[in-house]
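To start, the structure under review is shown below, and the notes come after it.
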Number of protein chains: 2
Amino acid sequence: MAASSGKPAGASGEVRKLRQAEVNLPRVTQLSEYIAPCDCRRAFVSGFDGSAGTAIITEQHAAMWTDGRYFLQAAKQMDNNWTLMKMGLKDTPTQEDWLVSVLPEGSRVGVDPLIIPSDQWKKMAKVLRGAGHHLVPVKENLVDKIWTDRPQRPCKPLLTLGLDYTGVAWKDKVADLRVKMAERKVVWFVVTALDEIAWLFNLRGSDVEHNPVFFSYAIIGTDTIRLFIDGDRTKAPDVKEHLLFNSSLADEFKVQVVPYKSILTELKAICTGLSTKDKVWISDKASYAVSEAIPKEHRCCMPYTPICISKAVKNSTESEGMRRAHIKDAVALCELFNWLEKEVPKGTVTEISAADKAEEFRRQQADFVDLSFPTISSTGPNGAIIHYSPVPETNRTLSLNEVYLIDSGAQYKDGTTDVTRTMHFGTPSAYEKVKPSKECFTYVLKGHIAVSAAIFPTGTKGHLLDSFARSALWDSGLDYLHGTGHGVGSFLNVHEGPCGISYKTFSDEPLEAGMIVTDEPGYYEDGSFGIRIENVVLVVSTKTKYNFNNRGSLTFDPLTLVPIQTKMIDVDLLTQKECDWLNDYHKTCREVIGKELQKQGRQEALEWLIRETNPISLRH
Amino acid sequence: MAASSGKPAGASGEVRKLRQAEVNLPRVTQLSEYIAPCDCRRAFVSGFDGSAGTAIITEQHAAMWTDGRYFLQAAKQMDNNWTLMKMGLKDTPTQEDWLVSVLPEGSRVGVDPLIIPSDQWKKMAKVLRGAGHHLVPVKENLVDKIWTDRPQRPCKPLLTLGLDYTGVAWKDKVADLRVKMAERKVVWFVVTALDEIAWLFNLRGSDVEHNPVFFSYAIIGTDTIRLFIDGDRTKAPDVKEHLLFNSSLADEFKVQVVPYKSILTELKAICTGLSTKDKVWISDKASYAVSEAIPKEHRCCMPYTPICISKAVKNSTESEGMRRAHIKDAVALCELFNWLEKEVPKGTVTEISAADKAEEFRRQQADFVDLSFPTISSTGPNGAIIHYSPVPETNRTLSLNEVYLIDSGAQYKDGTTDVTRTMHFGTPSAYEKVKPSKECFTYVLKGHIAVSAAIFPTGTKGHLLDSFARSALWDSGLDYLHGTGHGVGSFLNVHEGPCGISYKTFSDEPLEAGMIVTDEPGYYEDGSFGIRIENVVLVVSTKTKYNFNNRGSLTFDPLTLVPIQTKMIDVDLLTQKECDWLNDYHKTCREVIGKELQKQGRQEALEWLIRETNPISLRH
């Protein structure tokens, strides 16, 4: 799911230009994992355009940190001016420790304060200070100075969402936020995350590809609302009506529209008017610049905002919308897989044409808006590049001899999807040298089932479920270098906080009924194949035999209803329980998606679905 | 494992006296979980004498925080002057939040700076400051002022340990520490944890019951060693020889003996002589007073010291010693259980007499020094009090109708043991009202096996294994409110950092081959019974079919070899894999402990062992 910037410029010349100063280039702008082309500065200087990475350039060195999903891709995209720092491996230093080890005494490290989260600034500044260096804000972004053809910041029209999609009016969301502000005795709330602003106002945009958000800030007072947004976007009739500009509203719900760039001056002006005890609430992941605009004594910081948590717990309108979106998405994938089964043997299907076909089928579905991320369509060795996106230079033809992995999703007006299936169009294992892909597939499936079927007490954090996904792989000495699941937005970002399932534990919030996450263990054999099985699952309450301390129990209900290829399963490795889970899952797929395929008159795809959902049984 | 203070004084009068000032009374003195009677201040004011708890007294309130192991005990021991704060439950406020909610504006909260860890001070001070209050050090401990018959600080003789017990000479440990100091450019290292000092010098003491440590501090310089210790303890001939006082040592290994109380003045004097860049290394769990004696710019703080981590990874001499200790310990328990089976039907055995008998059998073993904690001997409803210790007022008679739980261990010169077995001397479930104890026992056993048999990659942190222990319980809506395992010292503290297995994630270090932890899931039915199955297990390397990224895999090797009562198992709930694990485990018990019982001529216990280790089989 690489950030879709324009083509990255060659790295070495840019690095030379940047050596005029040291500069740190984190990927984060306004808390966004996915960014507009104008913000792809790291891709511009390093060549690496994956969705996660930080580049640091000193007089002598240029280094780029990224995680296990991108080790192969980054190594391919960067030239030898760059050192790849593999995060998560034992011997890889942190950015701070590395800086301390390479910098000459008393160095100054520059960073654009608008693109570094304040919590990260604090951490880095502390370590550098301890070693006698200084972290300094560089207000004029040094990359922008040398990036002569930097694109404009997008400013696309807004889309309004009614109650039938959101379940709650934006006025009620603001009122609810004010209750939470009052509980904490907070008089101002600064919203900096783009998806939080979109959720709060029931608005969507398309400033960032695949992410239905728009560049903006918001400041909610006890009786004022300021929305910082550029262009005439709020003047469109439907937006004016949605924001109730012409209705006789109470003052506290009147939205003041302010230019995007005036956030810092406006926020500073607000803060000069504060009384001694007044507090301003802001995420500690807001940029250092915005955070510092609030005097420390007035700042109230927390890792997650109440909006972030409310947004994560989907209401019934949202979760029913997500269900509908996943049914449509499954229809598109049944069509795709049926088409692939017929076309792959002809030797004419490539990774790119398969991805295009997937998009074509999705576009036929109601309320389709966009893909939710660039389709990962990969066959054979490309499958081992976890966030691979096919380009003409790497494009492989799908064949009967290789494992094919497709990780894709869409934005529908009623929900966001994200699904991975791994399949073989010939006979798996016939051509495999290193290890049998069926064996690995089955371990991954066991892990997927272990998470999906897990029952756990209310209040459990997602990281406590991560090992369930890995246990079968661990038993054979295997593993994968990414988390098991992430939160998914409701017609919003496909990666969304604050919940997830990962071995990393930093500040994940407990899972609650209504939250939506992915369950996506994998296994990647470098140079050979990649396997991942991903469903989007809804956290639901479940009844258990007993109920310790009256806490209640939770489990997962799969929203994704796409067959898992049984041909890839080594049934000897399954338990009866796992076999039953799979057959039940396929039964649901057949019933729910079959009905929809029928309704849409997609007979051939329906036949494919029925074939693929035949029950399996253990041999003994 | 309650701290064995003298009888706690009645609470209410003491609370009144203390109301002259607000005072916070954490359990920690010098990083010790178990403390000497003179340090049991919280037990003195509150009446609650469990091993974990913090009392806070304000003008209007008195509140005591403890964790799930002690909810029942604390409720019984404290009078209604006190509010019990159940840590870990959703609605229980943190100490800081509670203080903020009850204190009048601009309050001063006093705490003895010698008994609060500096990291805890910082956290509490920050929250209080944010709410307009102040945390202030009260140098004269207010509890001591009203505690007229406060016992003296113990000062018992030292025990020296040779290479056959420690594997590494103290000189080599100091030299190794200095290498780590040089790596971090640190010129002084302050050792504050009692077990770290004992381990570093290969010395043991008996100042704290059940914990073979002695009151002391140490400061290691690049060419000096200062040991802060009272009495003439270092003048005993064996200690003089052990510390090489009379040998012609290089200066950097000469131990300077300094009075215990002079730690603050001596440390301050050292710090006045520091050059600008000199660093002093100290644990951030050292007391605030000692930590603050080092000026901030010279202080180098980390959650775990290199001593703590070296100590946790047992060398082969230590792990072989631990193995021997566990064999002796198993002999004592086979004798005990054989005796109980004969005596319980007579109706003459009580919780106290059973605990005494266990101690009697342990004392017969070579190199026995002490118990490693007060024996938890509990039957029926007392079993649900997780850290119960029988006293005459609560003492129950063991019967054929109740579940009996015994959690006990010993200090031998070659190792520390800690084992829990749960058994029934009649027919389980015949008299059970709420839920079948056999069913619960089997879920606990499944959890125990899931952890013990887990295979996981090198570098895995213990908290990632915790859910394996709970999964079978969770499936039925059950759980337990304590961690699954803790580190165990080598003839040192029975609870030892930095590794463990818990749903709590704070700063546990990755498990490494050579580390020793417990595996002790449980289930507690308030008012009815308690179940826990605990082994001490050694982390060992293991071969797997594949070896992803060449990381290597680890698993656990049980050091505890005591039969698990098969009568308590509902075999219908076991998988074949679990059944095989149990039979293998019992086979090892029979072979290893059988041989030792034979050697010690304990025929009757041997027959009991053989009976109890008969293989079981699944019904189908």
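The values are calculated or read from the model by the stated rules, or taken from the named source; none is laboratory data. On a predicted model such as this, the values are computed, not experimentally measured, just so you know. Positions of Cβ are backbone-derived with ideal geometry, glycine not excepted, and every protein chain shown enters the neighbour counts. In case anyone asks, the SASA skips ligands and DNA or RNA and just uses the protein heavy atoms, side chains included. Shrake-Rupley method; radii C 1.70, N 1.55, O 1.52, S 1.80 Å.
Each row is one residue, and each column tells you yes or no for (1) modelled with pLDDT of 95 or more; (2) under 26 Å from the mean Cα position of the chain (by Cα); (3) open to solvent by 20 Å² or more (accessible area, probe 1.4 Å).
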| position | (1), (2), (3) |
| --- | --- |
| B:Ala293 | yes, no, no |
| B:Met302 | no, yes, yes |
| B:Ser316 | yes, yes, yes |
| B:Ala332 | yes, yes, no |
| B:Val344 | yes, no, no |
| B:Thr348 | yes, no, yes |
| B:Ser353 | yes, yes, yes |
| B:Glu359 | yes, yes, yes |
Some residue of the stretch A:428-438 being modelled with pLDDT of 95 or more, part of a loop (DSSP other than H, G, I, E, B) and closer than 25 Å to A:Leu481 by Cα: no
Flag if A:Asp112 is over 30 Å from B:Met302 (Cβ atoms), within 27 Å of the chain's Cα centre (by Cα) and open to solvent by 50 Å² or more (accessible area, probe 1.4 Å): no
Residue in the stretch B:122-135 that is in contact with a helix residue (DSSP H, G or I) (Cβ under 8 Å, 6 or more places away or on another chain), assigned to a loop (DSSP other than H, G, I, E, B) and farther than 25 Å from B:Phe44 by Cα present: yes
Residue ranges of strands (runs of 3 or more DSSP E) in the stretch A:500-617 with at least 1 members open to solvent by less than 40 Å² (accessible area, probe 1.4 Å) and within 14 Å of another protein chain (Cβ to nearest Cβ): A:522-525, A:529-532, A:553-558
Verdict on B:Asp418 being within 14 Å of another protein chain (Cβ to nearest Cβ), at pLDDT 95 or above and open to solvent by less than 30 Å² (accessible area, probe 1.4 Å): no
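Test B:Pro93 against the criterion of being touching a strand residue (DSSP E or B) at 6+ places or on another chain (Cβ under 8 Å), open to solvent by less than 30 Å² (accessible area, probe 1.4 Å), of a type outside the set (Phe, Trp, Tyr) and over 15 Å from B:Thr58 (Cα atoms), and give yes or no.
So B:Pro93 fails the test.
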Filter pass, A:Arg363 being out of contact with any Cys (no Cβ under 7 Å at 6 or more places or on another chain), closer than 24 Å to A:Gln598 by Cα and open to solvent by less than 10 Å² (accessible area, probe 1.4 Å): no
Any hit, the stretch A:237-245, residues being open to solvent by 50 Å² or more (accessible area, probe 1.4 Å) and closer than 21 Å to A:Leu492 by Cα: yes
Matching residues in the stretch A:481-491 - criterion: being more than 9 Å from every other protein chain (Cβ to nearest Cβ) and either closer than 22 Å to A:Arg69 by Cα or free of Cβ contacts under 8 Å to residues at least 12 places away in the same chain (or both): A:His482, A:Gly483, A:Thr484, A:Gly485, A:His486, A:Gly487, A:Val488, A:Gly489
B:Lys438 in contact (Cβ under 8 Å) with a residue 24 or more places away in the chain, of a type in the set (Lys, Arg), open to solvent by 10 Å² or more (accessible area, probe 1.4 Å) and more than 14 Å from chain A (Cβ to nearest Cβ): yes
Any hit, the stretch A:487-495, residues being aromatic (Phe, Trp, Tyr), outside any loop (DSSP other than H, G, I, E, B) and either within 30 Å of A:Leu158 (Cα to Cα) or open to solvent by less than 10 Å² (accessible area, probe 1.4 Å) (or both): no
Residues that are farther than 30 Å from B:Ala366 by Cα and hydroxyl-bearing (Ser, Thr, Tyr), drawn from the stretch B:381-427: B:Thr394, B:Thr397, B:Ser399, B:Thr427
Filter pass, A:Ile406 being in a loop (DSSP other than H, G, I, E, B) and either at pLDDT below 95 or buried (at least 23 other Cβ atoms within 10 Å of the Cβ) (or both): no
First in the stretch A:201-218 and in a loop (DSSP other than H, G, I, E, B) and open to solvent by 10 Å² or more (accessible area, probe 1.4 Å), second anywhere and modelled with pLDDT of 95 or more and polar (S, T, N, Q), Cβ under 8 Å, 6 or more apart: A:His210/A:Ser372; A:His210/A:Gln411
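Among the residues of the stretch B:453-480, write down those that are assigned to a loop (DSSP other than H, G, I, E, B), closer than 26 Å to B:Ser51 by Cβ and facing chain A (nearest Cβ under 8 Å).
B:Leu478, B:Asp479
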Selection status of A:Lys261, under 29 Å from A:Thr422 (Cα atoms) and open to solvent by 10 Å² or more (accessible area, probe 1.4 Å): no
